[in-house]
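Report on the following structure.
The values are calculated or read from the model by the stated rules, or taken from the named source; none is laboratory data. This one's a predicted model, so the numbers in the text were calculated from it and none came from an experiment. No Cβ is skipped: glycine too gets one built from the backbone with ideal geometry, and neighbour counts run over all protein chains shown.
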Amino acid sequence: MGETNLLEFLKTATGNKTSDIFIISGRPLSMKINGKLLDYGDRLMPADTERVIKELYTMAGGRDLRKLYEKGDDDFSFSIPGLSRFRVNTYRQRSSFAAVIRVLSFDLPDPQHLQIPKVVLDMADFTKGMVLVTGPAGSGKSTTMACIIDRINHTREGHIITLEDPLEYLHRHDKCIVSQREIMTDSESYLASLRACLRQSPDVILLGEMRDYETIQTAMTAAETGHLLLSSLHTIGAANTISRIMDVFEPNQQRQVAVQLSMVLQAVVSQQLVPDVDGRTIPVFEVMILTSAIRNMIRDDKVHQIEGVIASSSQEQMISMDQALFNHFKKGVITKETALRFATNRDTMKRKLG
């Protein structure tokens, strides 16, 4: 497959509303469309995948292949004018090279079309503290955060700094100045860029991911000192998210971290993508807004009680994952089996579903 053919394939994939492209030896190029895999062309051998991946690096402005060869995986993104943006992860498997490409639109997604609830978008109104968007890989966390950033960009003035690996959505300056930094291209690490950004007069910081205790610690300090910080974690459920942050720290630090977290955390959004009755994927959201009761639970090491508080909350802007799934089932959007499969508490969901 030559570069012209690769370009033709990317055009075909984009035209077919493909979400992901797989380049793996032993099978043809594959496109994921509405959760189903569709093959394109002939079966690829290891030499073919290496050649196609080298062409991807050429398309990405002649990116250096050394990281892939030395480390075994690499992340980057690139744009093809008039077509789309692509987020690429290349890696080695079975001693051959492979890649997964996420197809991204140039335009920022429409939150209404994506069914992102108003309560989630309203998190753009926070002016300080920490908002976490959590969920499994590929559940749309980056898209949700991009929609919140876009809302901020159009509704108030300030300096937004995004630190991402790689950049997914491009934000145009509107009411805000938007600085977007790609890790490994514009900065050496999340921690280094986060520390530097505190000297760049930010009002809002988007931190692509909180990966280690130093980054989490610096992020909490940033949220404590009058900035709004958005970030993501690979957890499902608000209580699990808080436990995950706590577990990163040494036992003798956890008490202090609990107190700090109880003060800086503003909200936790958890999301999953689930199949609807028509076979398309839709997002389901759990939303926890920090009330004084929940802040006390975090501070007093009663995180296990949070799930019950969210489930029994009468507040409109607070909803548990299982309640959100049940609501979708009641509306006929998802099946009983889907509600049960994605439930966080299957026994309770079974009783609810009768």
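Tell me the helices (runs of 4 or more DSSP H) entirely within segment 295-346 that contain at least 3 residues that are surrounded by fewer than 18 Cβ atoms within 10 Å (Cβ to Cβ) and either on the phi > 0 side of the Ramachandran plot or assigned by TED's automatic domain parsing to the domain that holds residue 285 (or both). Reasoning before the result, please.
Working: elements: 306-312, 321-330, 336-341.
Where helices (runs of 4 or more DSSP H) fall fully within segment 295-346 and carry at least 3 residues being surrounded by fewer than 18 Cβ atoms within 10 Å (Cβ to Cβ) and either on the phi > 0 side of the Ramachandran plot or assigned by TED's automatic domain parsing to the domain that holds residue 285 (or both), they are 306-312.
Here residue 53 meets each of (1) more than 24 Å from the chain's Cα centre (by Cα); (2) part of a loop (DSSP other than H, G, I, E, B) with one exception, condition (2). A single member of 268, 277, 248 is touching a residue at least 24 places away in the same chain (Cβ under 8 Å) and crowded, with 20+ Cβ neighbours inside 10 Å, and it is 268.
The set of residues in segment 124-169 that are surrounded by fewer than 17 Cβ atoms within 10 Å (Cβ to Cβ) and hydrophobic (A, V, I, L, M, F, W, C) contains only 137. Filtering segment 6-47 to residues that are without any contact (Cβ under 8 Å) to a residue 60 or more places away in the chain, out of contact with any Asp or Glu (no Cβ under 9 Å at 6 or more places or on another chain) and within 15 Å of residue 83 (Cα to Cα) leaves 8, 9, 12, 15, 16, 17.
When only residues in segment 234-245 that are modelled with pLDDT under 95 and among the hydrophobic types (A, V, I, L, M, F, W, C) count, which is surrounded by the most Cβ atoms within 10 Å (Cβ to Cβ)? Out of the qualifying residues, it is 238. Within segment 58-74, the set of residues being without any contact (Cβ under 8 Å) to a residue 12 or more places away in the chain and under 21 Å from residue 9 (Cα atoms) comprises just one member, 62. When the residues of segment 90-111 are filtered to those that are surrounded by fewer than 16 Cβ atoms within 10 Å (Cβ to Cβ) and touching a strand residue (DSSP E or B) at 6+ places or on another chain (Cβ under 8 Å), the one that is nearest to residue 13 (Cα to Cα) is 105.
Hey, which of the helices (runs of 4 or more DSSP H) in segment 189-253, taking only ones fully inside, have at least 1 residues that are aromatic (Phe, Trp, Tyr) and closer than 28 Å to residue 272 by Cα? Explain how you work it out, then say what you get.
On the way: elements: 190-197, 213-224, 238-247.
Correct list: 190-197, 213-224.
Between 331, 302, which is of a type in the set (Lys, Arg), closer than 26 Å to residue 138 by Cβ and either modelled with pLDDT of 95 or more or over 24 Å from the mean Cα position of the chain (by Cα) (or both)?
That would be 331, the only listed residue that is of a type in the set (Lys, Arg), closer than 26 Å to residue 138 by Cβ and either modelled with pLDDT of 95 or more or over 24 Å from the mean Cα position of the chain (by Cα) (or both).
Quick one: would you say residue 232 is over 26 Å from residue 63 (Cβ atoms) and within 12 Å of the chain's Cα centre (by Cα)? Taking the combined requirement at face value, the residue does not satisfy it. Considering (1) of a type outside the set (S, T, N, Q); (2) under 18 Å from residue 160 (Cβ atoms); (3) not in a loop (DSSP other than H, G, I, E, B), the lone condition that residue 102 does not fulfil carries the number (2).
Checked against (1) of a type in the set (Ser, Thr, Tyr); (2) over 20 Å from residue 137 (Cα atoms); (3) touching a strand residue (DSSP E or B) at 6+ places or on another chain (Cβ under 9 Å), residue 190 meets all criteria but (2).
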